[in-house]
1. Can you check how the C-alpha radius of gyration of the chain compares to 2.2 N^0.38 Å, as a plain ratio?
2. Can you give me the angle between helix 121-139 and the longest principal axis of the chain, using Cα atoms only, in degrees from 0 to 90, rounded to the nearest 10?
3. What angle, in degrees between 0 and 90 and rounded to the nearest 10, separates the Cα long axis of helix 86-105 from the longest principal axis of the Cα atoms of the chain?
4. Measure off 7 Å from each Cα along the Cα-to-Cβ vector at ARG116 and ARG60, then give the distance between these two points in nanometres to one decimal.
5. Rounded to the nearest whole Å², what accessible area per residue is found for the chain with the 1.4 Å probe?
6. For a protection proxy built on the mean count of beta-carbon atoms within 10 angstrom, sort 143-149, 36-42 highest first, please.
7. Over the chain, what relative contact order in percent results from Cα pairs under 8 Å that are six or more residues apart?
8. Going highest first, how would you order 203-210, 79-86 by mean Cβ packing within 10 Å?
Amino acid sequence: MVRTLSTAARAWVGAFVVVSVVLLVARLVGADAVGEVAQWLAMPALAGVLLSVARWPRGRLVNLVAVALGLSWLGDLLPAFAGEQAFLVMVGCFLAAQIVYVVAFTPYARRSVVHRRPVALVAYGAVLVGLVAVCAPHAGGLLVPVAVYGGCLVSMAVLATGLGRTAGLGAAVFVVSDSLIALEQFVPGWSLPGQDFWVMLTYLAGQALLTAAVLQHNLAQRKAPPVPVRLAVPQAAKRDNVTVLV
């Protein structure tokens, strides 16, 4: 598919790849200033990929996912200027992003595990309950916001399966990213070597896979042949003939 992309789309794909590599390397070696700037650029680059590759008319799904990427970008950017409220600002922005994702994916619920593999909901529920339970002892007044965010995050992951395996995998990886953040924030003694690297790797991969799935859906829809309108003209003609005879 890369060969069929426009020059602008290729440029956006290249920009996202370069920014992602810089971000991951920066997190791995502890170059925080470089990593922060790269993180601010990642979601705009991915949104550029989405909007430049999607075919017209883009439709509801593409437009909503573009909004979700924009809110994710705010979640990456604003905490740097929020001081002591940085975590709450980040959670608020990403909560809004998850809500938009849920709205975007809801029309495809009948294709998701909710209808096709309802037993899988047990696993999603276990992840949500387990994560909240682990964070609860030290979440304090943030327990309710954490639980609400977790519910929206897991709902997004469930509904994303309606777009196919790519979206389902991307959403699951996104859940891993946010779970790592929650564990670091609320579980004393949590120590994962390369924590920031793994958070960013799963975040970028999750968002990229969701975007890829949305583009696959968009391109498939635009290639679908139009539904033929049958008998419309003959019926109209028949009514005209009857009118003339009368």
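The values are calculated or read from the model by the stated rules, or taken from the named source; none is laboratory data. Predicted model only: the values in this text are computed from it and were never measured. Note that we place each Cβ from the backbone using ideal geometry, even for glycine, and neighbour counts take in every protein chain shown. Heads up: the accessible areas ignore ligands, DNA and RNA and are worked out on the full protein's heavy atoms, side chains in. Shrake-Rupley method; radii C 1.70, N 1.55, O 1.52, S 1.80 Å.
1. Values: Rg = 22.2 Å, N = 246, 2.2 N^0.38 = 17.8 Å.
Scaled against compact globular proteins, the figure is 1.25.
2. Once rounded, one gets 30 degrees.
3. 20 degrees
4. Result for the modelled spin labels: 2.0 nm.
5. 54 Å²
6. Peptide ranking by packing, descending: 36-42, 143-149.
7. On the way: 279 pairs, mean separation 45.8, N = 246.
19 percent.
8. 203-210, 79-86
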